[in-house]
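**Q** First the structure, then my questions, so here it is.
The values are calculated or read from the model by the stated rules, or taken from the named source; none is laboratory data. Remember, it's a predicted structure, so these values are computed and weren't measured experimentally. Methodologically, a virtual Cβ is constructed for each residue, glycine included, from the backbone with ideal geometry; neighbour enumeration extends over all protein chains shown. What goes into the accessible areas is simple: the full protein's heavy atoms, side chains included, and nothing from ligands, DNA or RNA. Shrake-Rupley method; radii C 1.70, N 1.55, O 1.52, S 1.80 Å.
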Amino acid sequence: MTDSPIVRDNTSMLVEEALTLAGKALGDRREGQYLVAAFLDIGLADLLAHPERPITDESGFRRWLEERAEGKPLAYLSHRQDFFGRTFYIDERALIPRPETELLVEEAISLAQKMYQGDCTIADIGAGSGCIAITLALELPHARLWATDLSASALEVARKNALDHAVESRITFLEGDLLDPLPGPVDLLVANLPYVSSTWLAGEPSIAFEPRQALDGGEDGADLLRRLLLLLPLYLRSSGSALLEIGEEQAFLAEWAQEHLGGTAAIVPDLAGKPRLMRLRT
Ligand code: GLN
């Protein structure tokens, strides 16, 4: 007899068995634990505390395991990804929010507060799932936002997230190339554009499930960033700033921008000390 509050049923697979199966199939015990926890929509501690819990939808679980073992990211199975302390809906139409992008959001919030007491216009270029624009709308309740993306289907994900987080009336979503859809200049421009080099991307199976359009930055990863930088003076108000996420290979763009645009450009490193952001002032 068990005194567990969970009702046992003799036919179901149990968490204990699911963990063994998933750990083996994924070749990683921890990944197996994440998968089972996400499938049951419970936390890791809760999962591990109750190995006798039944998995009632066993065939559903096996399907998840199969897809995960083929490399599909967990976020595309659970349709959830946490970003800046909130949960966002996600599917294959948009890039999965990355923790490194939280630095961009932190810097944007502090800039908006310092320069404008939070009362400013912000554009998020290449908004994808919308996690940046939506987080900024929530953290800066007096800001007005535009979010653009070339992909109409990514914008559908962003709109759903804006509705889920009740900020749909504060963000105008616009389909189009880079800055083209913006109605005019803004105070603060943020972007996590594709910056992965095409050659690196070609040999990388882990991102095969994500929209290539959201990652591929051309030969040196800087194609879209360069295009955006050249247009920037037209879309930033005087004393406005831009914050662009980059990889360390694109740090050279700071000098490039200063040469081509004037103003000031600075690189902001992440916690590991690697170049992660470029901050520009007109
Ligand atoms: N940081 C992402 C990665 O390394 C890249 C995101 C991007 O291209 N904007 O997968």
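**Q** Does region 62-91 hold any residues that are under 25 Å from residue 127 (Cα atoms) and among the aromatic types (Phe, Trp, Tyr), and which are they?
**A** Of everything in region 62-91, those that are under 25 Å from residue 127 (Cα atoms) and among the aromatic types (Phe, Trp, Tyr) turn out to be 76, 83, 84, 88, 89.
**Q** What's the total number of residues in region 202-221 that are within 25 Å of residue 158 (Cβ to Cβ), out of contact with any Asp or Glu (no Cβ under 8 Å at 6 or more places or on another chain), of a type in the set (A, V, I, L, M, F, W, C) and more than 10 Å from the ligand (Cβ to nearest atom)?
**A** Of the residues in that region, 1 qualify.
**Q** Also: Could you tell me whether residue 161 is within 16 Å of the ligand (Cβ to nearest atom) and open to solvent by less than 60 Å² (accessible area, probe 1.4 Å)?
**A** Details: within 16 Å of the ligand (Cβ to nearest atom): no; open to solvent by less than 60 Å² (accessible area, probe 1.4 Å): yes.
So residue 161 does not fit the description; no.
**Q** Would you point out which residue out of 282, 199 is within 16 Å of the ligand (Cβ to nearest atom), polar (S, T, N, Q) and out of contact with any Phe, Trp or Tyr (no Cβ under 8 Å at 6 or more places or on another chain)? Spell out the reasoning first.
**A** Details: 282 fails: within 16 Å of the ligand (Cβ to nearest atom).
Exactly one residue qualifies, and that residue is 199.
**Q** Name the residues in region 157-176 that are in contact with a Lys or Arg (Cβ under 9 Å, 6 or more places away or on another chain) and not in a loop (DSSP other than H, G, I, E, B), would you?
**A** 157, 162, 171, 172, 173
**Q** Going residue by residue through region 178-186, is there one that turns out to be near the ligand (Cβ under 10 Å from one of its atoms) and modelled with pLDDT of 95 or more?
**A** Residues of region 178-186 near the ligand (Cβ under 10 Å from one of its atoms): none.
Scanning region 178-186 turns up no residue that is near the ligand (Cβ under 10 Å from one of its atoms) and modelled with pLDDT of 95 or more.
**Q** Something else now. Name the pairs: first residue in region 88-113 and touching a residue at least 24 places away in the same chain (Cβ under 8 Å) and within 15 Å of the ligand (Cβ to nearest atom), second residue of a type in the set (Gly, Ala, Ser) and assigned to a helix (DSSP H, G or I), Cβ to Cβ under 6 Å, at least 6 apart or on different chains?
**A** 90/75; 94/154; 95/214; 96/75
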